[in-house]
1. In whole Å, how far is the Cα centre of the range 107-144 from that of the range 1-56?
2. Suppose we keep just the DSSP beta bridges with both residues in the chain; what percent of those would be antiparallel, to 5?
3. I need the P(r) histogram for the range 45-90: all alpha carbon pairs, bin width 5 Å from 0 out to the longest distance, whole percents.
4. When only C-alpha pairs under 8 Å and at least 6 residues apart count, what is the relative contact order of the chain, in percent?
5. Find the percent of Cα-Cα distances in the range 1-85 that exceed 14 Å, and round it to a whole number.
6. Which residue fluctuates the most in the chain, going by a Gaussian network model with Cα springs under 10 Å, if the choices are LEU47, LEU78, LEU102?
7. Please compute the net charge surrounding ASN2, taking Lys and Arg as +1 and Asp and Glu as -1 over other residues with Cβ under 10 Å from its Cβ.
8. How fast does the chain diffuse by Stokes-Einstein, in µm²/s, taking the Kirkwood radius from C-alpha pairs at 20 °C and 1.002 mPa s?
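Every read-out reported here was derived from the displayed coordinates using simple, explicitly stated rules and does not represent laboratory data. The structure presented is a predicted model; accordingly, all values stated were derived computationally and were not measured. Please note: Cβ atoms are built from the backbone with ideal geometry, for glycine as well, and neighbour counts cover all protein chains shown.
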Amino acid sequence: MNNDIVCICYSRSGKTRQTMAEIAAALDCEVYALTDGVRRCGVMGWLRCGLDAMRKKTRAISRVETPRPLWEYKLVILGTPVWAGRCSSVMRGFLKRRGYELPDVAYVITHGSDEPYREVFEQMDLYLQEPHVAEVSLRPGSTGYIFWRDQFLMTCAERTGCELLPVPEESETAETAETAETAETAETTRIAPNEETE
Ligand SMILES: Cc1cc2nc3c(=O)[nH]c(=O)nc-3n(C[C@H](O)[C@H](O)[C@H](O)COP(=O)(O)O)c2cc1C
């Protein structure tokens, strides 16, 4: 297990979690899921997400219990969906509260359209002591998804001096949207990629 890198993500419907599970598997590191305890499923949940993102409203975020303090990692990789052209309010809430503790940070954003949403990286940097060191903007299912994900992985590996493992097939890391939604009501969850297939 690579103890120099940790992945932390929020995912409403499972896409960002899937991407982060692939990234964590390739870097052989742990991935933790954030929640703010708010039910965000269904139409009302979707609307709440959009409004929270637009108003930059955040709530208390579940504690991320990593084995080492966050500032001791060589790299913290943060994953979030794009909501209304912004980072999710859950990730914003985490950054507001813990951003000052973070060492080198890399961003993974996922979105539904072809827009790259590069401005989201700058929005997220407002909560860090230093600007992020790597980034990737992905549309799950798009033609360039694997290429850009792998470029990102190579950057992370070079920065931290670790070796990359092969990225598992999607079926080995996949989870259902239902699992992602269920996790929102739970405490912050450590996700080991292979556990997700159970
Ligand atoms: C409230 C809300 C707002 C969204 N806004 C955007 C947007 O502005 N641009 C976009 O491309 N996708 C948008 N999406 C789509 C998500 O960013 C995309 O499906 C993402 O990959 C979902 O990640 P998740 O499954 O980890 O939650 C939005 C989704 C939600 C729920």
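1. When both Cα centres are located, 13 Å separates them.
2. On the way: 5 of 25 bridges.
Once the DSSP bridges in the chain are tallied, antiparallel ones form about 20 percent.
3. Answer for the range 45-90: a P(r) of 5, 19, 22, 17, 15, 13, 8, 1 percent.
4. Details: 386 pairs, mean separation 62.3, N = 198.
Relative contact order here is 31 percent.
5. Details: 2383 of 3570 pairs.
Counting every Cα pair in the range 1-85, those more than 14 Å apart make up 67 percent.
6. The residue that fluctuates most here is LEU47.
7. Computed value for this residue: -3.
8. 130
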